[in-house]
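Input: a single structure, listed below in structure tokens.
The values are calculated or read from the model by the stated rules, or taken from the named source; none is laboratory data. From a predicted model like this one, the values you see are computed outputs, not experimental measurements. So basically every Cβ, Gly included, is an ideal-geometry build from the backbone, and we count neighbours across all protein chains shown. Surface areas here come from the heavy atoms of the whole protein model, side chains and all, with no ligands, DNA or RNA. Shrake-Rupley method; radii C 1.70, N 1.55, O 1.52, S 1.80 Å.
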Amino acid sequence: MKTHKFTRRQAIAVSGAGAIATMTYWPNKAFSILKNTDGKLAVNGGSPVRNKAWPGWPVWDNEANQSIIDMLNSGQWWRGGGGHIPEFEQQYAELMGMKRCLATASGTTALLISLHVLGVDAGDEVLVSPYTFIASYNVILLSKALPVFIDSDPETFLINPDKIEERITERTSAILPVHIYGLPVEMDPVNAIAKKHKLKVVEDACQAWMAEYKNKKVGTLGDLGCFSFQNSKHIPTGEGGAIVGNDDEIMDKCHSFHNCGRPFGTSRGETPYHTRGSNRRMQQFQALMLLSQIKRIKKDSDKRFENALYLSSKLKDIPGIVPYKFVPGGNRGAYYMYPFRYQKEAFNDIPKEKFIKALNAEGIRCSAGYGPQNTYGLIEEALNSKGYKRLFSESRLKRYREENILPGNDQLCKEAVGLPQNLLLGDTKDMDDIINAISKIYEHRDEMS
Ligand SMILES: Cc1ncc(COP(=O)(O)O)c(C=O)c1O
């Protein structure tokens, strides 16, 4: 078990000198970084570390109201009328440093389009991160391909690149790495493996706007990158998504596919409908909202990054709290959640759920993250379906089941705790509330056992 490394000076830096309470929560120390507490855990009836509200999310800028009313009055509500969607696409492409952007109805549809256009077909296999939102592999199942889960590295919360190559078969056609919580996947080894085995790379950057890997924006490092603008996201518009890419021919195909297979740019043929497609279009009001929301992304991202680094620098000193591993060298997260691991052994074996309840009671919103989704019912439902039995041999499905064991991911699911992104929009004192609340729970662990 780690020992406390807080010196008195660090404690003052964390809490502000005037806020140091007289109570002693650190064993063998004559001071505490706690404040505003009667010393009892809030979950046991004490005063919470924090009563103040957190910065709200999403935030609406009324300046955009008139443009939305004008659009409504124009009657041009769909992609085919009005120029707001192309205007947003241009701005988002510029922000990402990419040639092209295609706005879509959602992040899920962005992923579906990308897989289709890059040639992922029925009976293929796609290598995917298991620690993610369900959409990342629902899109593989909807493509009638096999989602082959690559184990997570619990330290980074991300796909473990060392585990990718061993799961490649002659059917593997793509890798779908997920920059979960906006943490950047190590893309160099992922791309090197993809190149060696001639695989396509679709980055799921649905939680990773402005995140960077080696000073390059994530979502711009594979063949195509997909983003979500759903209500809770950092550039929110209720529902919405985007694909970014530099290859005109591929992006033209994406456009055609998302517009029922209508021709676009180089994507055309002898007949009117030369290619298959679907309706995955964005609406005008979504683009207008995005044009407003995008204005705050740079400032918000800097704030979240700064606060995340501060939190990690302090939380790492609390026994049993392991912040996600930050790899320096031009990397930065977007922090859809600020993630850390809770190791209950340091907290008298108090289960994670109880720790989360106690932290919420102290006024710090947090949640448990993702479960071991590789074992969820939808996988077996797919494998047992008529289609999958036709597409994959019995022996392949048997081996799939045998290999679908992910110890790193299981550990991560057991230990992960996430703080929602809007907490990171606060100031240093707000971050101190988080640190103080977790420290308080640690110091009072005996009361919870
Ligand atoms: C990692 C990840 N992938 C895909 C999606 C799907 O995006 P959407 O909800 O916009 O369809 C999300 C959305 O929450 C996500 O978090």
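Any chance you could run the full-extension gain for residue 73 through residue 306? It's 0.36 nm times the residue separation minus the Cα-Cα distance, nm to one decimal. Don't skip to the end; give the middle numbers.
Details: separation 233, 0.36 × 233 = 83.88 nm, distance 4.24 nm.
Once the chain is fully extended between residue 73 and residue 306, it gains 79.6 nm.
Annotation for residue 142 and residue 165: the two label points, set 7 Å from Cα along the Cα-Cβ direction, are 3.4 nm apart.
Considering only 413, 226, 260, the mean-square fluctuation computed in a Gaussian network model of the chain, springs between alpha carbons under 10 angstrom, is largest for 260.
Where only protein heavy atoms count, and the probe is 1.4 Å, what is the accessible area per residue for the chain in Å²? Spell out each step's value before the answer.
Working: 19070 Å² over 449 residues.
Per-residue value: 42 Å².
Rounded to the nearest 20 debye, the dipole size of region 352-435 about its Cα centre is 660 debye, using +1 on the Cβ of Lys and Arg and -1 on the Cβ of Asp and Glu. For the Cα trace of the chain, dividing Rg by the Kirkwood Rh returns an Rg/Rh value of 1.01. Label-to-label distance for residue 198 and residue 403 is 1.9 nm, based on points extended 7 Å past Cα in the beta-carbon direction.
When only alpha carbons are used to place a centre, region 368-426 and region 189-251 end up 21 Å from one another. Annotation for region 64-80 versus region 145-163: alpha-carbon center distance of 43 Å. In this simple spin-label approximation, residue 40 and residue 378 carry label points 7 Å from Cα along the Cα→Cβ vector, and these lie 4.4 nm apart. Ordering of 268-278, 84-94, 169-179 by packing is 169-179, 84-94, 268-278, highest average first (other Cβ atoms within 10 Å, averaged per residue).
Using mean Cβ contacts within 10 Å as the protection proxy, how do 61-68, 421-428 order, highest first?
Sorting 61-68, 421-428 by mean packing, highest first, produces 421-428, 61-68.
Compute the Cα gyration tensor for region 32-148, then decide on rounded, prolate or oblate, letting a ≥ b ≥ c be the square roots of its eigenvalues: rounded whenever a/c is under 1.5, prolate when a/b is larger than b/c in the other cases, and oblate in all that remain. Please report the intermediate quantities before stating the final value.
Working: a/c = 3.03, a/b = 1.35, b/c = 2.23.
Note, shape of region 32-148 comes out oblate.
Note on the chain: dipole from Cβ charges, positive end direction compared against 55, 113, 224; the farthest Cα belongs to 55.
Rounded to the nearest 20, the Cβ-based charge dipole of the chain about its Cα centre (Lys and Arg +1, Asp and Glu -1) stands at 400 debye.
Report the gain in length on full extension from residue 216 to residue 313: 0.36 nm times residue separation, minus Cα-Cα distance, nm rounded to one decimal.
Values: separation 97, 0.36 × 97 = 34.92 nm, distance 2.42 nm.
Result: 32.5 nm gained on full extension.
Here the accessible area of the chain is 51 percent carbon and sulfur, with a 1.4 angstrom probe and all protein chains present. Here the Karplus curve 6.51 cos²θ - 1.76 cosθ + 1.60, taken at θ = phi - 60°, turns the phi angles of region 391-401 into couplings of 7, 10, 5, 4, 5, 5, 5, 5, 5, 4, 4 Hz, with x standing for Gly and Pro. What the phi angles of region 56-73 give under the Karplus curve with 6.51, -1.76 and 1.60, with θ = phi - 60°, is a coupling list of x, 7, x, 10, 10, 9, 4, 4, 8, 4, 5, 5, 6, 5, 4, 5, 4, 5 Hz, glycine and proline written as x. Calculated mean residue ellipticity at 222 nm for the chain: -10500 deg cm²/dmol, from DSSP H runs with n ≥ 4 weighted as -39500 (n - 2.57), summed, divided by the residue count and rounded to 500.
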